[in-house]
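Visitor: Just dropping this structure here.
The values are calculated or read from the model by the stated rules, or taken from the named source; none is laboratory data. Since the model is a prediction, treat every value here as computed from it, not as a measurement. Counting neighbours? That spans all protein chains shown, and the Cβs are built from the backbone with ideal geometry, glycine included. Side chains are part of the model used for accessible areas, which takes the heavy atoms of the whole protein and leaves out ligands, DNA and RNA. Shrake-Rupley method; radii C 1.70, N 1.55, O 1.52, S 1.80 Å.
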Amino acid sequence: MAAAIKRRRIAVGCLAICLEISGNGCNGVQMNEHSGDREKAAALVRTYGRHIGAAVIELDAENDRSFGETGLHYDAARRVLTGRAFIMKLDSDLMKPELNGPVIVPLFERAAGYFEFDAAKDILFLKKDFPLATITERQLRDQMDELSAVSVKWVLRWYGWAMQIVYGTARPPGAPLPVSRANDAQHTEFRR
Amino acid sequence: MTGKGDQVGVEAIAHAEQDAYQSETACCKSKRDNGMPPRTIVYVNGIKTDQKTHCETLRAIADQTCAKVYGVYNATEGPYRDSVQTGQDRSAIDAANEGRMPGTGDGRNPAVDTLSRLLKSKVLNGEPVDLWAHSQGGAVSSLALYDVKNSLDTIGMTDGLKGVHVTSMGSAAPMWPMWPDGPAYEHYIHVNDATPFVYGIGDDPATDGDKAGEGASVIRFSGDPAGGPFATENLQRSAIPAPTANHDVFATYLKMQKQQHGGCN
C-alpha cells in the first residue's frame with residue numbers, strides 16, 4: 001500500500017513537472033532560446049513608452065500595455081510584439097472583412113498593418129506584428145509612429161471613403177494613397 | 001458628466017437629458033406657451049472650466065434659447081494639463097494634416113468617448129442633435145463626430161450625421177480636415193480671439209470650404225465684448241489676436257449668438 005502511494009506521488013510529481021515544462025514550451029532548447037523574449041518585449045515597450053511620454057511603461061500581467069490611442073501586446077506563442085492603434089469603438093463586431101481585402105488594401109496605406117476588431121474592448125484597431133527576434137528599439141519606435149500616423153489618416157479621411165467603396169456608393173481613388181500632405185487634394189476628390 | 005478617465009454609459013446620458021436644465025424665465029415660459037417647438041441642446045465646455053462655470057453656461061444657454069440644455073463636462077485638471085490635453089486632442093488631426101506623429105500619452109479625452117456614445121445613440125434612434133461647443137469643446141466635438149461618422153459608415157449609413165446641428169464658439173478644433181461633412185454647422189469666430197485664429201478655422205474665408213464642414217456657416221465678427229453689438233462687416237482686426245480677452249463664452253460668444261438669432265434673457 002505504501003509503495004503504491006509512493007509510486008502515485010512520483011507519478012503526480014512527474015506530471016506536475018511535465019505540465020510546468022509544457023507551460024513554458026515543454027522543450028528545453030526552445031525554452032532557453034525564448035527565455036529572453038519577455039525581457040526584450042518589456043524593454044521595447046519601455047522604450048516606446050518613453051518615446052511618446054507615457055507615464056506607465058511596463059508590460060502588465062497580461063503582457064499588455066495600453067498608451068491610450070496606441071498599445072503593445074507581447075504574444076509569447078507567436079514570439080511577436082503586436083502594436084495597435086485605435087481606429088474607433090464599435091458596439092459589436094461590425095468590422096467589414098473587406099478592410100483587409102484585395103479591393104481596399106492596395107488603395108489605402110496601412111503601414112504594413114492589418115485591421116482587427118477586439119471583441120473584449122469593442123474597439124477596431126490597426127495592428128502590426130513585430131517579430132521579437134529581429135525588431136530593434138529604433139525600428140519599433142519608427143514603425144509604431146508610422147502606424148499611429150496612418151491610423152489617424154484612417155480615422156479622419158479614409159475609413160468613410162473605404163466603407164463607401166465597400167458599399168459601392170463611392171468611387172475608389174484614382175491612385176493608391178500614400179501618407180503625405182499630398183493626400184489633401186485626393187480627399188477633396190472624394191468630397192466632390 | 002465626465003471626470004477624466006470616467007466612462008459614461010447610455011443610461012447615464014439619458015438620465016442627464018431627463019434632468020436637463022430648462023429655463024423658467026417669463027420670456028421662455030411665454031415662448032413655450034406660444035408654441036415654441038421643443039429643443040434640446042447638448043453643450044461641451046472648453047479648457048479651464050470648473051463644474052460650477054459649466055453649469056452656469058448651461059443655464060445661460062437655456063435662458064437664451066429656451067431649450068432644454070445638458071452638458072458633456074470636459075473636466076479641468078488645471079491650465080497646464082488642460083492645454084496638454086487640448087494639444088493631444090488636436091494632435092490626431094494635426095498629425096493627419098502634417099504627416100507628423102501624434103504625441104499621445106494618455107489617450108483620448110474621455111469626453112470624446114462620452115459625446116461619441118451620446119451622438120451615436122441619438123442618431124441611431126433618429127433623434128435630432130443640437131450640439132454646442134466652446135473652445136477645446138470644439139476639438140472634443142470634432143473627434144466625436146468623426147468617430148460617429150465612421151461607425152455609421154460601417155453600417156452603410158452615409159447620411160447619418162444629417163440630423164446633427166453644430167454650433168461652435170471660438171473653437172479650438174484643429175487643422176484641416178477640421179469638421180467632418182454631414183452635420184449643419186454654424187461656427188462663431190471673433191476675429192481677435194487667438195484660439196480659433198491659431199488653433200481653429202482661422203480667419204481666411206477662402207479655406208472655410210475645406211475646414212469648416214460642407215455647407216458650413218462661418219460667422220466672423222469683431223468688437224468689444226463689453227461694448228455694443230458686434231460687427232459682422234468691415235471687421236476690425238488687431239495686429240495680434242488676444243489670448244483670452246475675446247474668448248469668453250458668456251461675454252463674447254453667447255452674446256453674438258443672440259445677436260444672430262435673438263433669444264431671451
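Visitor: When the stretch A:136-176 is examined, which residues are found to be of a type in the set (Lys, Arg) and under 12 Å from A:Ile104 (Cα atoms)?
Guide: Matches in the stretch A:136-176: A:Arg171 only.
Visitor: List pairs: first residue in the stretch A:165-183 and of a type in the set (Val, Ile, Thr), second residue open to solvent by 70 Å² or more (accessible area, probe 1.4 Å) and modelled with pLDDT of 80 or more anywhere in the structure, Cβ distance under 9 angstrom, at least six positions apart or on different chains.
Guide: So the pair list comes out as A:Ile165/A:Glu98; A:Ile165/A:Val103; A:Ile165/A:Arg171; A:Val166/A:Glu98; A:Val166/A:Val103; A:Val179/A:Glu146.
Visitor: Still on this model: Output yes when any residue across the stretch B:25-32 is at pLDDT 90 or above, hydrophobic (A, V, I, L, M, F, W, C) and not in a helix (DSSP H, G or I), and no when none is.
Guide: no
Visitor: Ok, one more. Among the residues of the stretch A:70-112, which ones are touching a Pro at 6+ places or on another chain (Cβ under 7 Å) and within 14 Å of another protein chain (Cβ to nearest Cβ)? Walk me through it before giving the result.
Guide: Of the stretch A:70-112, the ones touching a Pro at 6+ places or on another chain (Cβ under 7 Å) are A:79-80, A:106-107, A:109.
A:Glu109 - this is the single residue of the stretch A:70-112 that is touching a Pro at 6+ places or on another chain (Cβ under 7 Å) and within 14 Å of another protein chain (Cβ to nearest Cβ).
Visitor: Can you name every residue in the stretch B:207-254 that is within 19 Å of the chain's Cα centre (by Cα), surrounded by fewer than 20 Cβ atoms within 10 Å (Cβ to Cβ) and of a type outside the set (A, V, I, L, M)?
Guide: Correct list: B:Asp208, B:Gly209, B:Asp210, B:Glu214, B:Gly215, B:Ser217, B:Pro243, B:Thr244, B:Asp248, B:Phe250.
Visitor: For B:Lys162, are the conditions met, namely being at the interface with chain A (Cβ under 10 Å from one of its Cβ atoms) and open to solvent by 10 Å² or more (accessible area, probe 1.4 Å)?
Guide: Answer is no for this residue.
Visitor: Would you mind stating whether A:Leu140 is modelled with pLDDT of 90 or more, open to solvent by less than 10 Å² (accessible area, probe 1.4 Å) and either part of a helix (DSSP H, G or I) or within 11 Å of another protein chain (Cβ to nearest Cβ) (or both)?
Guide: yes
Visitor: A further question follows. Could you say which residue among A:Ala54, A:Ala42, A:Ala77 is modelled with pLDDT of 90 or more and in a loop (DSSP other than H, G, I, E, B)?
Guide: After applying the criteria, what remains is A:Ala77.
Visitor: Now a separate question. If the requirement is being away from every other protein chain (no Cβ under 14 Å) and hydrophobic (A, V, I, L, M, F, W, C), which of these qualifies: B:Ala173, B:Ala216, B:Ala212, B:Ala226?
Guide: Checking each option against the conditions leaves just B:Ala226.
Visitor: Quick check on my filter: what residues within the stretch A:97-116 are crowded, with 19+ Cβ neighbours inside 10 Å and under 18 Å from the mean Cα position of the chain (by Cα)?
Guide: Initial filter on the stretch A:97-116 (crowded, with 19+ Cβ neighbours inside 10 Å): A:99, A:104, A:108-111, A:113, A:115.
Answer for the stretch A:97-116, where residues must be crowded, with 19+ Cβ neighbours inside 10 Å and under 18 Å from the mean Cα position of the chain (by Cα): A:Leu99, A:Glu109, A:Arg110, A:Ala111, A:Gly113, A:Phe115.
Visitor: All but one of (1) touching a His at 6+ places or on another chain (Cβ under 9 Å); (2) in a loop (DSSP other than H, G, I, E, B); (3) among the β-branched types (Val, Ile, Thr) hold for B:Ile219; state the number of the condition that does not hold.
Guide: Here B:Ile219 clears every test but (2).
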